[in-house]
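> One structure follows; several queries about it will come next.
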Amino acid sequence: MLAPVVDDDGAPFWEYAARGELRVQACAGAGCGEPRFPPRPCCPHCHSFDSEWRATSGRGRIWSYVVPHPPLLPDYAAQAPYNVIVVELAEAPRIRLVGNLVAAPDAPLNSVPPERIRIGARVQVVFTSSADGVRLPRWVLERP
């Protein structure tokens with residue numbers, strides 16, 4: 001499975017994920033406070049270089065999704081059909097994260113049948129450890 005690439009701007013995201021926390025970068029410039037993702041050094045709204053990492057509720061809605069089909073990389077082909085969802089965060093609707101909808105934190109990627117996925121469905125973040133020890137955010141339905 002592919003591992004996330006951790007750069008200097010995004011490293012805190014993965015450090016918080018390792019503790020089971022979903023945080024997003026936000027501007028700490030005077031009077032701005034805009035959340036942003038992906039993380040970057042400068043606020044696109046006010047151009048401040050001051051930032052902080054804010055905790056989120058981990059709740060959101062499915063904004064979009066796709067069910068990839070072969071040809072796929074071998075590790076992914078073994079789990080097909082699986083889903084990749086885009087989640088709009090509840091407290092920051094302009095922030096959208098990509099992940100997988102699963103039945104439980106450590107369930108396989110194909111644990112939710114594609115026909116159960118609905119745009120607008122409410123989801124909650126969960127975390128699972130990958131083979132290389134990185135804790136990855138995944139999503140479960142709030143009402144299974």
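The values are calculated or read from the model by the stated rules, or taken from the named source; none is laboratory data. Source: prediction; values computed, not measured. All Cβ positions, glycine included, derive from the backbone under ideal geometry; neighbour counts span all protein chains shown. Please note that ligands, DNA and RNA were not included when accessible areas were found on the heavy atoms of the full protein model with its side chains. Shrake-Rupley method; radii C 1.70, N 1.55, O 1.52, S 1.80 Å.
> Restricting the search to region 84-95, which residues are free of Cβ contacts under 8 Å to residues at least 60 places away in the same chain and farther than 13 Å from Gly120 by Cα?
Applying the first criterion (free of Cβ contacts under 8 Å to residues at least 60 places away in the same chain) to region 84-95 yields 84-88, 90-91, 93-94.
Val84, Glu91, Arg94 - these are the residues of region 84-95 that are free of Cβ contacts under 8 Å to residues at least 60 places away in the same chain and farther than 13 Å from Gly120 by Cα.
> Can you find a residue in region 21-34 that is under 18 Å from the mean Cα position of the chain (by Cα) and exposed (fewer than 13 other Cβ atoms within 10 Å of the Cβ)? Show your work before the answer.
Initial filter on region 21-34 (under 18 Å from the mean Cα position of the chain (by Cα)): 21-26.
From what's left, exposed (fewer than 13 other Cβ atoms within 10 Å of the Cβ): none.
Scanning region 21-34 turns up no residue that is under 18 Å from the mean Cα position of the chain (by Cα) and exposed (fewer than 13 other Cβ atoms within 10 Å of the Cβ).
> Looking at region 51-77, which of its residues are in a loop (DSSP other than H, G, I, E, B) and either open to solvent by less than 90 Å² (accessible area, probe 1.4 Å) or of a type in the set (A, V, I, L, M, F, W, C) (or both)? Walk me through it before giving the result.
Just the residues of region 51-77 that are in a loop (DSSP other than H, G, I, E, B), to begin with: 56-58, 67-73.
Selection gives Thr56, Ser57, Gly58, Val67, Pro68, Leu72, Leu73.
> Can you find, within region 113-143, the residue that is most open to solvent (accessible area, probe 1.4 Å) among those that are touching a residue at least 60 places away in the same chain (Cβ under 8 Å), in a loop (DSSP other than H, G, I, E, B) and in contact with a strand residue (DSSP E or B) (Cβ under 8 Å, 6 or more places away or on another chain)?
Per the stated criteria, the residue is Glu142.
> Go through (1) in contact with a strand residue (DSSP E or B) (Cβ under 8 Å, 6 or more places away or on another chain); (2) surrounded by 17 or more Cβ atoms within 10 Å (Cβ to Cβ); (3) assigned to a loop (DSSP other than H, G, I, E, B); (4) not acidic (Asp, Glu) one by one and return the number of the condition Arg94 breaks.
With respect to (1) in contact with a strand residue (DSSP E or B) (Cβ under 8 Å, 6 or more places away or on another chain); (2) surrounded by 17 or more Cβ atoms within 10 Å (Cβ to Cβ); (3) assigned to a loop (DSSP other than H, G, I, E, B); (4) not acidic (Asp, Glu), Arg94 is out only on (2).
> What pairs can you find where one residue is in region 72-83 and under 16 Å from Val112 (Cβ atoms), the other is modelled with pLDDT of 85 or more and in a helix (DSSP H, G or I), and their Cβ atoms are less than 8 Å apart, with a gap of 6+ or different chains?
Every condition considered, the pairs that remain are Pro81/Pro114; Tyr82/Tyr76; Asn83/Pro114.
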